[in-house]
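The values are calculated or read from the model by the stated rules, or taken from the named source; none is laboratory data. These numbers come from a predicted model, not from an experiment. Glycine also receives a Cβ, built like all others from the backbone with ideal geometry; neighbour counts cover every protein chain displayed. Note: areas computed on protein heavy atoms with side chains; ligands, DNA, RNA excluded. Shrake-Rupley method; radii C 1.70, N 1.55, O 1.52, S 1.80 Å.
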2 protein chains.
Amino acid sequence: MIAEILCVGTELLMGQVLNTNAQFIARRLAALGISHYHQTVVGDNAERLEDTYRLALSRADVVITSGGLGPTVDDITKRAAARVLGQELVPFAEAEAMVEERFREYGKPMLPNNRSQTLFVPGTQLILNPYGTAPGGIVPAGEGKFIVHLPGPPRELEPLFREQVEPWLASFAGCVLVSRYIRIFGMGEAAVDEALQDLELGGNPTLSPYCSTGEVMLRLTASAEDEQAARALMAPVEAEVLRRLGDAVYAVEDTEDGSLAQTCVHALQEHSLTVATAESLTGGMIAAELVTVPGASEVVRGGFVTYQSVAKTMLLGVPEETIKRCNVVSAEVAAAMAEGARARLGVDIAVSATGLAGPGGGTEAIPVGTVYLGLATKEGTRTIRLHLAGDRARIRTLAMKNAIHAVLKTVTP
Amino acid sequence: MIAEILCVGTELLMGQVLNTNAQFIARRLAALGISHYHQTVVGDNAERLEDTYRLALSRADVVITSGGLGPTVDDITKRAAARVLGQELVPFAEAEAMVEERFREYGKPMLPNNRSQTLFVPGTQLILNPYGTAPGGIVPAGEGKFIVHLPGPPRELEPLFREQVEPWLASFAGCVLVSRYIRIFGMGEAAVDEALQDLELGGNPTLSPYCSTGEVMLRLTASAEDEQAARALMAPVEAEVLRRLGDAVYAVEDTEDGSLAQTCVHALQEHSLTVATAESLTGGMIAAELVTVPGASEVVRGGFVTYQSVAKTMLLGVPEETIKRCNVVSAEVAAAMAEGARARLGVDIAVSATGLAGPGGGTEAIPVGTVYLGLATKEGTRTIRLHLAGDRARIRTLAMKNAIHAVLKTVTP
């Protein structure tokens, strides 16, 4: 089966909106083992949209659209598809009920325009939308082909795709696809590739890397007649990946929604340990990232942002003399920051970060990208020296992630 | 002139990379007043890429490609274009010199493969690349049309587009385009649209809104024979926008790279004022965002992350009794947090945030999204109550931006 992605909206052509939908759908298709070779963006123009439909249907079995299901005259995604299919749009009672319910829920009046949102080509399998006012639909397009309409807002499209489109796509394939997600820190994409290249050769299961700043996530996907058989196919590959990558793997999960912060917060919760932060160049990012995890308040007590040197002395008791003697970017200052934070907040673990994010201020001894982390526990204090590459934003993000990883490794060595 | 964007790379089809290049180029084309009606993504497949070139050249004057200029056999963007144009790729000495220089700079050996990066169709105007190893080029495609090749990494593509492609595109148009960027906080997209809809009718100058969480940026663009004439066209529209939106406008700039944090930090610098933070639900985001601005260390002294209630008492001296009596999400606690931070760090302004980001924990009296900000200065302390809508991440981001905006309004009322 071949799919194609067609995103509709003049706001995409104007660059007013970043097209996260194309990436989201692409990732899900890849996880489902469905090929796709083209993504197209067109504006709210009937003629160009119709041409694009014809082209897409000539080369794909399923054309997945996002956007243009709203109530205005600009919302032409369904109308253009109907025209290409030589069909008329007709009202669907179930869609009407859904739209009416949504407006009742929002306490807003349903306008005559909104009736257009309930129109679909006869034979459409509706995608009822609990997240917004626009229902989607799976439209038969002849010759065993389909057009799938989804609303544009990602907070609607993403759950609708997972909950209603994926099961339909899987039933096409006639098999079950199961994925595992292996999360790696402290190993670059090239090194991961080199270590695993003979395992990444496609086939079944497949192994695909996804990179973000400082991290690589591997998706391992197997297709089989049932879940148990799929898991049995994956198990030896997963074991081999873990054997080769060793300590660099920090989590293996059934969901792709994890993060370093989530793994760290959950580890702290499991061990009933509290944590505090003392941040200079990261300026609060370490604490803010930990707090993204719901329930973080059980284990994240608080922290200090000591950006100016004077704040390190005032809030954390770092001796002025140490700062002068060792430099504010030093193992000594990182250690004193962590110890000060641990003592003042009475936590099990305190983590600190001091460093030079640039762009200016580098010297030969302490170039931009030099970062010291401190980790204070009841066993004592240790420090880590990092040399990070990139611009100010990247250096700060890498320092933050290294700090969270260091806390995780302190909890589960 | 009509342009079209063609992004090449299997990593885009796999969803491994978010296509920020399409948005970047789209925004720049819009700012230059150049129409574009299609964006396409294809993988590293010669036949499909050639078909896509033919289609794009049939409907556009300039086809702008990103990606596929690397040294591997998968990098086929230039080769496919040459085939469509019926041309051969030949080595360009200037490109060779550039690639050699870049490898010397990086201290890496240049491999025989890298020679392929110096090949272009005869007549190509090179885009020499100081940011990476792949030169780009502007390739004549017959009938007055062109293909523009740019490397895929955004940190290379973006400056190359601004510095080398934009002047070339502008020379096509035969006129000067000048933009002004009007930054708005505390007014939704719909309200901005309603206030300005008669001004957004296109023509010259054009006025386009760009939205991000809690913010709207308006781009005002005029084309004229010279910069002075363009500015004269914009001045009355800009004045009218400022008259209608009033206080909601916090900055008007010649660049689109600004931010609320940057405006706030620059205002603090101008008035020689220092600031500190005391954060609960934002968990360090306010400080971290201020610190994104280079030079923030002059004015951002530091701050406190007091996530658990006990930390508010330990670090900021918020009386336990106040927390019990008023609730931790209250004006009283926000005020005490700000006053505690100001006293402990001896700054001119301290800003605090306490609130409920959810997902759980809401009550009828204090629903999820309730946030109190505190602002302590030598004149006294005031508090602001916010009702924010959205998920945990959005509520925290809006709380952070409101806090920074409140500091800005304290400095420049």
When the solvent-accessible surface of protein heavy atoms is calculated with a 1.4 angstrom probe, in what order do A:Asp247, B:Asp51, B:Asp75 fall, highest first? A:Asp247, B:Asp51, B:Asp75
Across the residues of A:311-321, average count of Cβ atoms on other protein chains within 10 Å? 2
So what's the angle, to the nearest 10 degrees on a 0 to 90 scale, between helix B:260-270 and the longest Cα principal axis of chain B? 70
In the range B:374-389, whose amide N lies under 18 Å from the spot 7 Å out along Cα-to-Cβ of B:Thr213? List them in ranges. B:386-389
Evaluate peptide B:17-30: per residue, the Cβ atoms of other protein chains within 10 Å of its Cβ; return the mean as an integer. 5
Rough spin-label spacing in nm, given labels placed 7 Å along Cα→Cβ, for A:Cys175 and B:Glu163: 5.0
Determine the total buried accessible area between chain A and chain B, counting protein heavy atoms only with a 1.4 Å probe; round to the nearest 100 Å². 4700
Roughly how many percent of the accessible protein surface of the protein assembly as shown is carbon and sulfur, given a 1.4 Å probe and a whole-percent answer? 51
Given N residues in the range A:363-409, what is Rg(Cα) / (2.2 N^0.38 Å)? 1.25
Of all GluC sites (Glu not before Pro) in the range A:102-201, which ones are in loop regions per DSSP and have a Cβ with at most 12 other Cβ atoms within 10 Å? A:Glu143
Rounded Å value of the spacing that divides the Cα centres of the range B:1-16 and the range B:75-150: 19
With axes computed from alpha carbons, what is the tilt in degrees of helix B:46-59 against the longest principal axis of chain B, rounded to the nearest 10 within 0 to 90? 80
Under 19 Å Cα to Cα from A:Lys401, which lysines show up? Leave out anything in the same chain fewer than 8 places away. A:Lys409
Over its alpha-carbon atoms, the range B:326-413 yields an Rg and a Dmax in Å of 12.9, 38
At 222 nm, what helix-only mean residue ellipticity would chain B give, in deg cm²/dmol to the nearest 500, using -39500 (n - 2.57) for each DSSP H run of four or more? -12000 deg cm²/dmol
When Cβ neighbours within 10 Å are restricted to other protein chains, what is their mean count per residue of peptide B:69-79? 0
Order the following by accessible area, largest value first: B:Ile323, A:Ile25. Probe radius 1.4 Å; ligands, DNA and RNA are ignored. B:Ile323, A:Ile25
For a test of the definition: using alpha carbon positions, the gyration tensor, and the 1.5 limit on a/c, classify the protein assembly as shown as rounded, prolate or oblate. rounded
B:Arg162 accessible area, 1.4 Å probe, all protein chains in place, Å² to nearest 10: 90
Expressed in angstrom and rounded, the centroid-to-centroid distance over alpha carbons for the range B:23-47 and the range B:269-306 is 38
Closest approach to the A/B rotation axis among chain A Cβ atoms, residue and whole-Å value: A:Gly284, 1
Total charge dipole magnitude, chain A, about the Cα centre, Cβ charges on Lys, Arg, Asp, Glu only, Debye to nearest 20: 1060
For label points placed 7 Å from Cα toward Cβ, what is the shortest-first list of nm distances from A:Val252 to its copies? 6.1
Rounded to the nearest 10 degrees, the helix A:20-32 long axis (Cα) sits at an angle to the longest Cα principal axis of chain A of 80
Once the label point is placed 7 Å from Cα along Cβ, list for B:Arg155 the distances to the corresponding points in the other copies, in nm, shortest first. 3.3
Provide an ascending nm list, one decimal, of label-point separations from A:Glu100 to the equivalent residue in each further copy; define each label point as 7 Å from Cα along Cα→Cβ. 7.8
If the range A:265-359 were replaced by its equivalent ellipsoid, with semi-axes equal to the square roots of 5 times the Cα gyration tensor eigenvalues, what would those be, largest first, whole Å? 25, 14, 10
Taking a cut-off of 29 Å between Cα atoms, list the lysines near A:Lys145, but don't count ones fewer than 8 places away on the same chain. A:Lys78
Relative contact order for the range B:1-148: what percent, with Cα pairs under 8 Å and sequence separation of 6 or more? 23
Sort A:174-184, B:302-312 for me by packing, meaning the mean count of neighbouring Cβ atoms within 10 Å per residue, highest on top. B:302-312, A:174-184
Probe 1.4 Å, heavy atoms of protein chains only: per residue, the accessible area of the protein assembly as shown in Å² is 40
Could you please state, rounded to a whole Å, how far the C-alpha centre of the range A:320-364 is from the C-alpha centre of the range A:175-208? 37
Under 16 Å from B:Lys324, Cα to Cα: lysines that are on another chain or at least 8 residues apart: B:Lys312
By the Cα gyration tensor axes a ≥ b ≥ c (a/c under 1.5 gives rounded; else a/b larger than b/c gives prolate, otherwise oblate), the shape of chain A is prolate
Provide B:His271, A:His387, A:His36 ordered by accessible surface of protein heavy atoms (probe 1.4 Å), highest first. A:His387, B:His271, A:His36
Distance cut-off 21 Å, percentage of C-alpha pairs in the range A:176-253 lying past it: 21
When the expected Rg is taken as 2.2 N^0.38 Å, what fraction or multiple of it is the alpha-carbon Rg of the range B:43-133? 1.14
Ranking A:Leu373, B:Gly68, B:Leu57 by how far each Cα lies towards the positive end of the charge dipole of the protein assembly as shown (+1 on Lys and Arg Cβ, -1 on Asp and Glu Cβ), the top one is A:Leu373
Shape verdict for the range B:2-173, please, from the Cα gyration tensor: rounded (a/c under 1.5), prolate (a/b greater than b/c) or oblate. rounded
